[in-house]
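For reference, the structure discussed in these notes is given below.
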Amino acid sequence: MSTTAEAKALLRQGRVAEAEQLFDQILQRSPNNVEALNAVALASLRRADSRRSIELLDRAVALLPGDALSHYHLGRARSLAGDLVGALDSYATAIRLLPDFHTARLHYAETLDRAGDMERAPIQYLRALQDAQQQGHWLDPATTPRGLQPIVTRGVLLVREARRAMCAQLVEPLQAKFGAAAVERVSEAVRIHIREAAPEFPDPRQQPTFFYVPGLPAAPYLDREMFPWVQAMEGSTAAIQDELRRLLPSTEGRERVFGTAALESVNLRGSAGPPSWNGYYFYRYGVRREDNCQACPATAAALAAVPLCHIRTHAPEVLFSVFTAGTHLLPHRGVTNSRLVAHLPLLIPADCALRVGGELHEWQEGRVVIFDDTYEHEAWNRSAEIRVVLIFDIWNPQLTEVEQAAISLLVAAMGDFRQLVDQG
């Protein structure tokens with residue numbers, strides 16, 4: 001066994017002092033050994049000799065600038081020496097080299113926190129927490145190293161406070177204008193979202209994955225009588241079908257609903273060859289597709305009379321939804337009960353159906369069905385032909401206009417915050 005391997009083995013056994021001696025010997029023989037420089041620097045840190053540690057780690061990063069671990073250790077040494085600016089620089093380099101290095105990112109967030117940067121610290125804390133938890137770390141005290149627990153706890157609290165402050169900034173003007181009672185359900189939804197309150201579901205089958213608004217009646221399918229626009233939409237079926245048929249000979253303009261093959265493999269199954277779910281979009285991520293709307297004026301006019309759920313960069317999603325023969329969309333859940341999903345069936349061959357909350361619904365051409373997709377739901381086309389429905393997102397009719405406005409602002413802001421986190 002080499003001296004380096006022996007030193008590593010001693011570290012794994014917890015025999016730190018012996019390992020340090022061996023690494024020190026390695027460094028004396030090989031002054032440019034980056035691994036030994038790191039090991040001896042950490043030993044110096046344990047003795048509170050940050051000056052010696054920084055000297056060794058400066059050599060390490062000069063020898064191997066692309067080594068994220070050396071930059072991280074240098075950040076630790078600089079932080080302990082009180083050099084917050086230098087520590088931030090080292091941590092930033094470490095996570096630039098290795099973006100999913102969650103421990104380095106956690107210390108980066110902590111140093112931003114210590115430096116009083118309350119704009120960037122919560123973003124970096126949240127990214128570190130997400131990256132770690134995706135790998136099964138920092139889920140609870142048992143999965144969090146003892147030395148990191150205070151930092152992780154601080155990060156969780158700061159992220160929660162940042163989210164609370166962001167939401168309050170958006171909701172308070174509405175409270176001032178319309179009264180606290182007008183947005184009481186939305187305020188409670190925020191508390192649930194940031195985990196200050198637990199949701200109480202009137203129907204345990206309903207489980208939103210993102211944003212739950214309490215106090216809304218729960219049912220997998222909604223009574224059509226609640227929606228005054230249904231009759232007019234159904235009356236437009238023939239004109240919409242004509243526009244659809246003009247499009248169908250070509251796949252031009254259609255887009256995959258799931259953006260990657262990996263997502264398709266998780267969510268779709270096929271009984272007659274590879275499954276395919278694609279769409280001809282009129283809105284996607286809340287953005288109106290002007291060219292498609294102009295190509296299908298009857299469809300666009302029918303949709304204009306519907307209370308679509310408008311949230312910047314999020315909703316609505318409106319499309320001619322095409323299942324190829326044999327396609328099965330596996331059970332899944334939607335993000336929020338503030339929004340409902342409506343289907344206008346357009347081309348429905350035999351043996352096609354939708355199941356929501358365990359309740360089966362067989363589409364009928366020209367007959368609208370509206371459901372809450374926060375119930376587990378699935379859909380299939382077991383025929384040898386294509387199946388097409390017009391899908392569109394609408395507001396839950398139990399929400400007031402003030403609540404709709406508040407949710408629209410909140411969800412868009414949450415999306416902006418998440419984008420900052422993803423960008424790191």
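The values are calculated or read from the model by the stated rules, or taken from the named source; none is laboratory data. None of the values given here were measured: they were computed from a predicted structure. Because the Cβ atoms are built from the backbone with ideal geometry, glycine has one as well, and the counts that use them run over all protein chains shown. Side chains are part of the model used for accessible areas, which takes the heavy atoms of the whole protein and leaves out ligands, DNA and RNA. Shrake-Rupley method; radii C 1.70, N 1.55, O 1.52, S 1.80 Å.
Remarks
- Filtered residue count, region 116-145, keeping only those that are within 18 Å of Thr93 (Cβ to Cβ) and open to solvent by 60 Å² or more (accessible area, probe 1.4 Å): 1
- Of all residues in region 409-424, those that are modelled with pLDDT of 85 or more have Cβ atoms under 7 Å from Cβ atoms of residues that are open to solvent by 60 Å² or more (accessible area, probe 1.4 Å) and not in a helix (DSSP H, G or I), 6 or more apart or on another chain, in Val411/His314; Ala412/Arg312; Ala412/Thr313; Ala412/His314; Gly415/Thr313; Gly415/His314.
- Test: residue in region 286-307 that is over 30 Å from Phe201 (Cα atoms), β-branched (Val, Ile, Thr) and buried (at least 20 other Cβ atoms within 10 Å of the Cβ): yes
- Selection within region 363-381: residues that are within 29 Å of the chain's Cα centre (by Cα) and among the charged types (D, E, K, R). The member of this set that is nearest to Asn278 (Cα to Cα) is Glu378.
- The one condition in (1) open to solvent by less than 10 Å² (accessible area, probe 1.4 Å); (2) among the aliphatic types (A, V, I, L, M); (3) under 27 Å from the mean Cα position of the chain (by Cα) that Leu98 fails to fulfil: (1)
- Of all positions in region 103-110, at least one carries a residue that is within 24 Å of the chain's Cα centre (by Cα) and either at pLDDT below 95 or polar (S, T, N, Q) (or both).
- Qualifying residue in region 364-379 (condition: within 30 Å of Lys177 (Cβ to Cβ), open to solvent by 10 Å² or more (accessible area, probe 1.4 Å) and modelled with pLDDT of 95 or more): no
- Residue check for Ala295: over 15 Å from Ile370 (Cα atoms), small (Gly, Ala, Ser) and without any contact (Cβ under 8 Å) to a residue 24 or more places away in the chain: no
- Per the listing Leu106, Leu80, the residue uniquely buried (at least 19 other Cβ atoms within 10 Å of the Cβ), of a type in the set (A, V, I, L, M) and touching a residue at least 24 places away in the same chain (Cβ under 8 Å) is Leu106.
- Filtered residue count, region 146-201, keeping only those that are of a type in the set (A, V, I, L, M), open to solvent by 60 Å² or more (accessible area, probe 1.4 Å) and over 30 Å from Thr103 (Cβ atoms): 4
- Subset of region 333-363 [closer than 24 Å to Ala239 by Cα and open to solvent by 60 Å² or more (accessible area, probe 1.4 Å)]: Ala350, Glu362
- Sole exception among (1) part of a helix (DSSP H, G or I); (2) farther than 28 Å from Ala92 by Cβ; (3) modelled with pLDDT under 70 for Leu11, by number: (2)
- Residue pairs whose Cβ atoms lie under 8 Å apart, separated by 6 or more positions or on different chains, with the first residue in region 230-241 and closer than 17 Å to Asp393 by Cα and without any contact (Cβ under 8 Å) to a residue 40 or more places away in the chain and the second among the acidic types (Asp, Glu) and open to solvent by less than 60 Å² (accessible area, probe 1.4 Å), do not occur.
Okay, residues lined up against (1) more than 30 Å from Tyr212 (Cα to Cα); (2) out of contact with any Gly (no Cβ under 8 Å at 6 or more places or on another chain):
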| site | (1), (2) |
| --- | --- |
| Ala87 | yes, no |
| Thr111 | yes, no |
| Gln133 | no, yes |
| Leu148 | yes, yes |
| Glu172 | no, yes |
| Val190 | no, yes |
| Arg195 | no, yes |
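- The residues listed here are Gln206, Gln241; of these, the one that is in contact with a Leu (Cβ under 6 Å, 6 or more places away or on another chain) and at pLDDT 95 or above is Gln241.
- Any pair with Cβ under 7 angstrom, 6 or more apart, that starts in region 174-192 at a residue that is under 21 Å from Met414 (Cα atoms) and ends at one that is aromatic (Phe, Trp, Tyr): Ala189/Phe211; Ala189/Tyr212; Ile192/Tyr212
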